[in-house]
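Presented below is the structure to which this report refers.
Just so it is clear, none of the values below were taken in a lab; they were calculated from the coordinates. This is a predicted model, so every value here is computed, not measured. Counting neighbours? That spans all protein chains shown, and the Cβs are built from the backbone with ideal geometry, glycine included.
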């Protein structure tokens with residue numbers, strides 16, 4: 001069965017991302033075509049990248065890196081849930097991506113962004129990073145507004161139209177994850 005990680009890309013106290021990630025997971029778990037799991041970066045406290053060798057060599061020295069690599073290697077694709085901070089993604093998500101290389105390769109990813117502008121600029125930065133990591137990103141993405149989809153900027157109340165967009169994005173992530181399987185098998 002195809003395995004997709006929903007990666008919660010914020011560790012900020014009082015973060016809105018937990019509600020968003022659980023909403024994504026709840027809808028995703030209704031699908032029969034893949035298994036979905038939540039991967040919360042708060043459960044993987046990675047220091048700023050502290051490996052001596054480049055991740056592309058795959059010669060990890062630290063136990064926290066080995067644990068993170070093992071976890072990410074389990075998956076065929078990803079859904080990244082990210083807030084937008086200063087026109088980009090979070091430092092913790094960027095750091096988690098930078099730690100690994102081969103574990104990301106030849107997998108698909110979709111994005112759920114949130115912020116005053118729907119997290120669109122954060123997602124655009126993530127697309128560039130993903131490309132360098134040989135992650136195939138899908139076109140459909142969910143853009144949640146802090147103004148329209150959160151009461152008082154903190155209680156998640158997504159508009160019903162977002163479910164359709166999320167389902168379209170999940171369709172693409174699952175399809176691309178399956179299509180890229182031969183490349184992962186040959187790696």
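Roughly how tilted is helix 63-73, in degrees to the nearest 10 and between 0 and 90, from the longest Cα axis of the chain?
70 degrees
On alpha-carbon atoms, Rg over Rh for the chain using Kirkwood Rh?
Values: Rg = 15.7 Å, Rh = 16.5 Å.
With Rh from the inverse mean 1/r over Cα pairs, Rg/Rh is 0.95.
Quick check on the exposure proxy: order 169, 1 from fewest to most C-beta atoms within 10 angstrom. Please list the in-between numbers first.
Values: 169 22, 1 8.
Final ranking by Cβ density, sparse to dense: 1, 169.
Tally the DSSP beta bridges in the stretch 3-186 and give the antiparallel ones as a percent, rounded to 5. Before the final figure, lay out the partial values.
Details: 3 of 29 bridges.
The antiparallel proportion sits near 10 percent.
Taking the 0 to 90 degree range and rounding to the nearest ten, how far is the long axis of helix 17-28 tilted relative to the main principal axis of the chain, both from C-alpha atoms?
It works out to around 90 degrees.
Place the peptides 86-97, 31-42 in order of packing, highest mean first, counting for every residue the other Cβ atoms within 10 Å and averaging per peptide.
In decreasing order of mean packing, 86-97, 31-42 become 86-97, 31-42.
Ignoring everything except DSSP H segments at least 4 long, calculate the 222 nm mean residue ellipticity for the chain; use -39,500 (n - 2.57) per segment, divide by total residues, nearest 500.
On the way: 6 runs with 69 residues, N = 187.
Counting only the DSSP helices, I get -11500 deg cm²/dmol.
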